[in-house]
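The values are calculated or read from the model by the stated rules, or taken from the named source; none is laboratory data. None of these values were measured; they are calculated from a predicted model. FYI the Cβ positions are ideal-geometry reconstructions off the backbone, even for glycines, and counts take in every protein chain you see. Please note that ligands, DNA and RNA were not included when accessible areas were found on the heavy atoms of the full protein model with its side chains. Shrake-Rupley method; radii C 1.70, N 1.55, O 1.52, S 1.80 Å.
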Amino acid sequence: MAYRVTLIPGDGIGPEVAEAAKRCLDATGVKFEWEIHAAGEGAIAQFGSPLPEALLESIRRNKVALKGPITTPIGTGIRSVNVALRHALDLYACVRPARLYPGVPSHYAEVDLVIIRENSEDLYAGIEYDDGTPEVRELIAWVKKKVTAVHKANIMKFTDGLFLEVFRRVAVEYAGRIEAEDRLVDNLCMQLVQHPENFDLLVLPNLYGDILSDLCAGLIGGLGVAPGANMGEEAALFEPVHGSAPKYQGQNKVNPVATILSGVLMLHHLGETEAAGRLERAVSEVLREGKSVTYDLKRERGDRTSVGTREMADAIIQRLL
Ligand code: NAD
């Protein structure tokens, strides 16, 4: 049986990275039926709205979507379609793994952390199971992670204060099983840059989560390799951390890995763990080899041996066949 997935190519570099990810996902052998929907300014002429109702209906029906970035005009024009989508589908938790793969140029030797960004307002969002269940024991055995809440509760006493209070209340329920700590956001930025290896899982309100996602992308080789997932009770939408980078539109130049790794997260979500592992290994091998990679993954930006978006996806697909 094929999985029905809503595919939103987006705009700018979106269609190129979305197509690369779609081809890689199809090459895993998992069967997909893609329902392709336009969004953003380009959708207005055709559908009279940057977020057509048919698109929302498609995600509500399929419960899973893969998305390329969508431009939000600065200062004028339409409001953010990305924010509207998260609100409309109540995708309240944004999960953004930041893992440094061997071969990717970075100032660091090892980075492996996850950002959990509150995605629609500033309220605590997390994953929970009932105490004492096998899922909890499995999670504890597997996770062995420390959770760090990030806030500015010394200044924002009521909003961030509430966030911290709820974090501490929840942490008590997991005392002795999951280590919990908190940091002021400014202090955390400095500590992350000096010692990213000291952190496992960061839980943040919306804006800090947005900013620190880019900071963490910088630790692991840049926006080209940073994937993400927006999770709610009814639907899940997978997309790269990066935006539509309009200056690179249509040049077959940018890195497709962030969107392909978002596809890996989607495979995990669908329970296709084996295919997810194979696709991630294929990406990892191409990165380690460092040959068929886009310009941003070369040590020298002017390196003429870099390949295009399509060719990097081809190299990943080659390892899946
Ligand atoms: P951006 O992420 O689009 O690009 C910033 C820079 O990062 C680019 O100039 C490029 O150098 C690099 N970069 C980004 N993606 C890359 C890739 N795949 N490979 C290699 N290099 C890459 O950020 P921006 O310029 O601030 O935003 C452009 C537009 O994207 C804005 O309209 C913004 O609102 C929108 N945006 C959308 C989303 C989303 O759809 N979820 C997220 C962020 C920004």
Matching residues, region 304-319, being part of a helix (DSSP H, G or I), buried (at least 17 other Cβ atoms within 10 Å of the Cβ) and within 15 Å of the ligand (Cβ to nearest atom): THR309, MET312, ALA313, ILE316
Considering only residues that are open to solvent by 10 Å² or more (accessible area, probe 1.4 Å) and farther than 20 Å from TYR248 by Cα, which ones fall in region 274-303? GLU274, GLY277, ARG278, GLU280, ARG281, SER284, GLU285, ARG288, GLU289, GLY290, LYS291
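Say we look at region 211-241 and pick out the residues that are assigned to a helix (DSSP H, G or I) and either near the ligand (Cβ under 7 Å from one of its atoms) or touching a His at 6+ places or on another chain (Cβ under 7 Å) (or both); which of these is least open to solvent (accessible area, probe 1.4 Å)? Walk me through it before giving the result.
Taking region 211-241 as the starting set, the residues that turn out to be assigned to a helix (DSSP H, G or I) are 211-219, 223-225.
Checking which are either near the ligand (Cβ under 7 Å from one of its atoms) or touching a His at 6+ places or on another chain (Cβ under 7 Å) (or both) leaves us with 223-224.
On the way: LEU223: 67, GLY224: 12 Å².
By that ranking, first place goes to GLY224.
Give the residue, chosen from LEU188, LEU192, LEU202, LEU207, that is in the same structural domain as ASN119 (by TED's automatic domain parsing), under 22 Å from the mean Cα position of the chain (by Cα), open to solvent by 70 Å² or more (accessible area, probe 1.4 Å) and not hydroxyl-bearing (Ser, Thr, Tyr). Can you show your working first?
Numbers: LEU188 fails: open to solvent by 70 Å² or more (accessible area, probe 1.4 Å); LEU192 fails: open to solvent by 70 Å² or more (accessible area, probe 1.4 Å); LEU202 fails: open to solvent by 70 Å² or more (accessible area, probe 1.4 Å).
LEU207 is the lone residue from the list that is in the same structural domain as ASN119 (by TED's automatic domain parsing), under 22 Å from the mean Cα position of the chain (by Cα), open to solvent by 70 Å² or more (accessible area, probe 1.4 Å) and not hydroxyl-bearing (Ser, Thr, Tyr).
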Scan (1) among the polar types (S, T, N, Q); (2) closer than 17 Å to ILE116 by Cα; (3) touching a residue at least 12 places away in the same chain (Cβ under 8 Å) for the single condition ASN198 breaks and write down its number. (3)
Sort out which residues of region 300-310 are touching a residue at least 40 places away in the same chain (Cβ under 8 Å) and either closer than 14 Å to PRO105 by Cβ or not polar (S, T, N, Q) (or both), and write them in order of number. GLY308, ARG310
Verdict on SER244 being hydroxyl-bearing (Ser, Thr, Tyr), assigned by TED's automatic domain parsing to the domain that holds GLU285 and within 8 Å of the ligand (Cβ to nearest atom): yes
Residues of region 262-272 being without any contact (Cβ under 8 Å) to a residue 60 or more places away in the chain and either open to solvent by 40 Å² or more (accessible area, probe 1.4 Å) or within 11 Å of the ligand (Cβ to nearest atom) (or both), in sequence order, are HIS268, GLY271
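Suppose we filter GLY42, GLY48, GLY29, GLY10 for residues that are assigned by TED's automatic domain parsing to the domain that holds GLN249 and under 17 Å from the mean Cα position of the chain (by Cα); which single one remains? Working first, answer last.
Numbers: GLY42 fails: under 17 Å from the mean Cα position of the chain (by Cα); GLY48 fails: under 17 Å from the mean Cα position of the chain (by Cα); GLY29 fails: under 17 Å from the mean Cα position of the chain (by Cα).
Just one listed residue meets the conditions, GLY10.
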I'd like to verify a number: residues in region 1-58 that are open to solvent by 50 Å² or more (accessible area, probe 1.4 Å), under 20 Å from ASN252 (Cα atoms) and of a type in the set (Val, Ile, Thr), how many? 0
